[in-house]
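In what follows, a structure is listed as structure tokens, so that the remarks can point back to it.
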Amino acid sequence: MYLSNSRKVNSDMLLPAKTEVARCLRSYRAWERAMLACPGDRAVRATFEDCGYTLCVLMGKRCAREAADAAEQYLRGGSESRVRRGRSKRKRKNGMARVAAPVPVPHLAAER
């Protein structure tokens with residue numbers, strides 16, 4: 001949900017499937033190499049830009065390079081590499097900040 005200043009996003013958004021992120025990132029990297037090999041080819045450039053746009057949408061970023069970096073970090077796994085979209089989930093009790101314990105998420109066989 002976008003707020004009045006148009007850049008803040010609700011922190012309860014769903015994260016993309018890791019298999020889809022991995023597929024999109026592989027495609028982006030392959031077309032990036034193809035574009036660097038043939039910079040004058042408009043069809044290659046258009047496909048590369050389409051892959052970059054898809055990656056931006058999946059990762060919630062405005063720049064394809066930032067989206068690729070976020071995708072790589074997200075695919076490394078762990079609670080440290082989750083896509084950050086909004087404020088942190090710190091809880092306060094008696095004035096002390098506590099970080100919520102990570103909850104294990106079941107993985108599909110394709111994600112292993």
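Overview of values
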quantity: Region 53-67, residues that are more than 13 Å from residue 25 (Cβ to Cβ) and surrounded by 20 or more Cβ atoms within 10 Å (Cβ to Cβ); calculated: none
quantity: Total residues in region 24-65, condition assigned to a helix (DSSP H, G or I) and more than 19 Å from residue 14 (Cα to Cα); calculated: 25
quantity: Test set (1) over 21 Å from residue 73 (Cβ atoms); (2) modelled with pLDDT of 95 or more - residue 29 fails condition number; calculated: (1)
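The values are calculated or read from the model by the stated rules, or taken from the named source; none is laboratory data. From a predicted model like this one, the values you see are computed outputs, not experimental measurements. A quick note on method: Cβ atoms are made from the backbone with ideal geometry, for glycine too, and the neighbour counts reach across all protein chains shown.
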